[in-house]
Amino acid sequence: MKSTRIVLASRPVGMPEPENFRTETVELPEPDTGQALLETLYLSLDPYMRGRMSDAPSYAPPVQLGQTMVGATVSRVLESRDPALRSGDIALGYGGWQTHSVEQVRYLRRLDPAAAPVSTALGVLGMPGFTAYSGLLTIGRPQPGETVVVAAATGPVGSAVGQIAQIHGARAVGIAGGPQKVALLRERFGFDAALDHRAPDFAEQLAAAVPDGIDVYFENVGGAVFDAVFPRLNSFARIPLCGLIADYNATGLPEGPDRLPMLMSAVLRKSLTIRGFIQTEFAGEQMPAFLEQMSQWIARDRVHYLEDMVEGFDGTIEAFRGLLVGKNLGKLVVHVAD
């Protein structure tokens, strides 16, 4: 079996460019005992992948030059050497940016196509949805009547954060870029307030939208959005920190004075909790409850989701570049094969 794959050819400086990648065709080995041969149906594209292209210290090792780009996949089992999966099954795995893969069956999760569209295992019923669920409920701990603010709110993490906050009785304020995304926040995801961070009076709009301050800010953007949010935080506010996409392509330190003393002073005066997290640290204990609860919320129309489906493996690189500047509407998924 041959696989077409996209490998990291060189490390990007700033925005990844097409020449940082190389597409090649390789022959896969026969699956060994405990392995399965898979055909990729859907490939997930996520912001964390930008960090894996860098060799700077991080929570996970970088992708090596010449190595297949990492990524979650939904695949069809073509051949299995483990009784836990059989030919024709659909499984969630981590095959990366390639059309076929050989993976260890013990790391795969069999999906039920009758329960939900299998692509949702990459979004609302997968890592992004679980990131929202675990980070908000474990660190944010929204209480009835509190105000929860989330940026990149039309994305798979942000949209789930707002809706889960409302389920727990909180008020959800979403921040996104552009009128189309702001409309989605109101009309599809049902946020209580929706703001455009590109508006010239964004800071004033935010102040009006949170008259009682902010109790939970789910941070996955950073940059100018954080600058506007930070003064509005209430005492004892909680900040689950799972991403800083505004700075992923930065090539140097920001301009201006050192604002760290001011930040730390506010953390002290307001007794703020800022907690960075990687969703895998909660998966062992919380994943079963998440899958059960999120499936029920979707079935009961309490949580809505949106997929931005890119047709064809050839569109992977440009789709990823677009993700880093916010071109996607909802969870970005590449439809590789039927």
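Summary table
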| read-out | value |
| --- | --- |
| Scattering curve values for region 84-204, log₁₀ I(q)/I(0), Debye with Cα scatterers, q = 0.11, 0.14, 0.15 Å⁻¹ | -0.49, -0.70, -0.77 |
| In region 133-201, trypsin sites (Lys or Arg not before Pro) in a DSSP loop with at most 16 other beta-carbon atoms within 10 Å | R188, R198 |
| Sparse-neighbour loop sites [chymotrypsin sites (Phe, Trp or Tyr not before Pro); region 79-182; at most 16 other C-beta within 10 Å; DSSP] | Y94 |
| Mean projection area, nm², convex hull over Cα of region 1-151 | 11.5 nm² |
| Residue-span extension gain [D212 to A60] - 0.36 nm each, minus C-alpha spacing | 50.8 nm |
| Residue of G256, G162, G71 that the Gaussian network model of the chain assigns the largest fluctuation, springs spanning Cα pairs under 10 Å | G256 |
| Percentage relative contact order, region 8-155, counting C-alpha pairs under 8 Å, at least six apart | 22 percent |
| Alpha-carbon Rg/Rh ratio, for region 180-298, with Rh computed the Kirkwood way | 1.00 |
| Cα→Cβ-extended label distance, 7 Å offset, between T273 and A84, nm | 3.4 nm |
| For region 142-190: relative contact order, % (alpha-carbon pairs under 8 angstrom, 6 or more apart) | 41 percent |
| Inverse of mean 1/r across different Cα pairs in the chain, Kirkwood, Å | 20.9 Å |
| Calculated FRET efficiency for the pair R198/L28, C-beta based, R₀ 41 Å, to 0.05 | 0.35 |
| Residue order for S54, S44 - accessible surface, 1.4 angstrom probe, largest first | S54, S44 |
| Kirkwood hydrodynamic radius of region 68-115, Cα pairs, Å | 11.0 Å |
| Low-density loop cleavage sites - GluC sites (Glu not before Pro) in region 250-338, where at most 13 other Cβ are within 10 Å (DSSP) | E255 |
| Computed label-point distance, nm, for sites K2 and R300 using a 7 Å Cα→Cβ extension | 5.2 nm |
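The values are calculated or read from the model by the stated rules, or taken from the named source; none is laboratory data. Keep in mind that this is a model prediction, so the values were computed, not measured. Don't worry about glycine lacking a Cβ; one is built from the backbone with ideal geometry, like all the others, and counts go over all protein chains shown. With ligands, DNA and RNA removed, areas are computed over all heavy atoms of the protein, side chains included. Shrake-Rupley method; radii C 1.70, N 1.55, O 1.52, S 1.80 Å.
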